[in-house]
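Here the structure comes first, spelled out in structure tokens, and everything after it is commentary.
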Amino acid sequence: MLLDAISNPVIEETAKNVEKSAGVLEKALDDLLQWIIGKSGSLLLAIVFIAIGLKLVGVLVKMLRKSLKRSKVEESVVGFLLSFFKIVGYVLVFIMAAAIIGIEVTSFVTILGTASLAVGLALQGALSNLAGGVLILILKPFQIGDYIIEDNSKNEGTVISIDIFYTRLCTYDNKVVVIPNGILTNNSLTNLTLQEKRKIEIKILIDYDSNIQKVREIVKGILEADGRIMKEEPKDIFIDAFGDSGMLLGIRAWVHTDDYWSTTWDLREAVKEAFDANQIKIPYQRLEVDMMK
């Protein structure tokens, strides 16, 4: 009897709650049905708009893909840009469809913008590197195989990989330097191998007693004898400055970029040997002391 006395109120309360919930649900469904009936025209228009909008986004994505491939953009960048454009296009289509139905989208756009700003601030460094990687792969200030110098920290080497976030260089002594792409796009850099040819410039001191015309003929003969020197390009032999201990002789000539360093080293050695053979002195700092009697 006691159990029945306790159970009956509980069962009755539960039944009332179920009945109340069923009434709320029924009312909600009824309101939804009335809203759908009232918005039937807008809903139909929104559905048509979504179908056309998604189709249009697909067409634009295909056009963008063809344009990027004609521009010879890296495949990784193509995939990233197409995915980003597709997501943005889909979001815009559904927001505009909601506006057609009559749903207030101002607050939704505000929340989306605020969330995007918060995420952007939190990932500022990563987004900077991401944007830098995309710019490098699109604009191509350097490519894999180029030898570059990053002017900010003076890191230099041959580019061995260009990723979305980082660029890797291999130095002359086989070390790998990893540089964030944001640094490369926000600072100046020097690409030593972008051009097919480079100008060699060698400067060397000669004694004031040296015969300038003889020096010029010796150097001219060295330049003409080296097959790596480009014959059709100008070759300059000149006095660049007058120093305390001698005249600064300047030598300039053009070579293919791949031959730059080997030709530079060989020319220096050849000039030194030719000057020694012709008694042309290369002065150096020295101190002379006169002993007084």
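The values are calculated or read from the model by the stated rules, or taken from the named source; none is laboratory data. Model, not experiment: these values are computed from the prediction. Note: ideal-geometry Cβ built from the backbone for every residue, glycine included; neighbour counts use all protein chains shown.
General observations
- Options ILE162, ILE148, ILE202, ILE183; residue that is touching a residue at least 40 places away in the same chain (Cβ under 8 Å) and assigned by TED's automatic domain parsing to the domain that holds THR264: ILE202
- Residue check, ALA274 of a type in the set (Gly, Ala, Ser), touching a Leu at 6+ places or on another chain (Cβ under 6 Å), surrounded by 14 or more Cβ atoms within 10 Å (Cβ to Cβ) and in contact (Cβ under 8 Å) with a residue 12 or more places away in the chain: no
- Residue pairs whose Cβ atoms lie under 7 Å apart, separated by 6 or more positions or on different chains, with the first residue in segment 244-266 and at negative phi and the second in a helix (DSSP H, G or I), are LEU249/VAL215; ILE251/VAL219; ALA253/LEU223; VAL255/THR263.
- Of the residues making up segment 66-90, those that are surrounded by 13 or more Cβ atoms within 10 Å (Cβ to Cβ) and modelled with pLDDT of 80 or more are PHE85, LYS86, GLY89, TYR90.
- Some residue of segment 153-170 being small (Gly, Ala, Ser) and within 30 Å of ALA277 (Cα to Cα): no
- Qualifying residues in segment 246-271 (those that are surrounded by 13 or more Cβ atoms within 10 Å (Cβ to Cβ) and over 12 Å from ILE200 (Cβ atoms)) - the one farthest from the chain's Cα centre (by Cα): GLY246
- The strands (runs of 3 or more DSSP E) falling completely within segment 136-251 that include 1 or more residues that are under 30 Å from ARG70 (Cα atoms) map to 147-150, 155-162, 166-170, 176-180, 189-191, 197-206.
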